[in-house]
Amino acid sequence: MKLEINGKEYIAGRDVTVQKLMEEFKLDLKSTAVAVNKSIVPKSSYGDFVLRENDKIDVVTIAPGG
């Protein structure tokens, strides 16, 4: 299945959830925000939100600092 993540093409298997995708990229779920097709996905839905062919995903990681 073809997805677009932060503007780059990515090929994923079927039935991939936001949580599985975040685990695959080894991203910290606590400091990451995800939008699919310009709609924010609540963290509580990461495990249930199944991605679809051609979804556009924006991943933002919050880094502490100053």
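Read the figures in this text as sums done on the coordinates, not as results from a lab. Being a predicted model, the structure only gives us computed values, none of them experimental. Backbone-built Cβ (ideal geometry, glycine too); neighbour counts: all protein chains shown.
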Give K8/K43; K30/K56; K20/K43; K20/K56 a once-over and call out the pairs whose C-alpha atoms are over 18 Å from each other. K8/K43; K30/K56
When the chain is modelled as a GNM with alpha-carbon springs shorter than 10 Å, which of K56, K20, K30 fluctuates the most? K30
Can you show me the helix-derived [θ] at 222 nm for the chain, built from DSSP H runs with n ≥ 4 at -39,500 (n - 2.57) apiece and divided by the number of residues, rounded to the nearest 500. -2500 deg cm²/dmol
Within a Cβ distance under 13 Å of K38, other residues only, what is the Lys/Arg minus Asp/Glu net charge? -2
Size of charge dipole - the chain - debye, nearest 20, with Cβ of Lys, Arg +1 and Asp, Glu -1, no other charges: 80
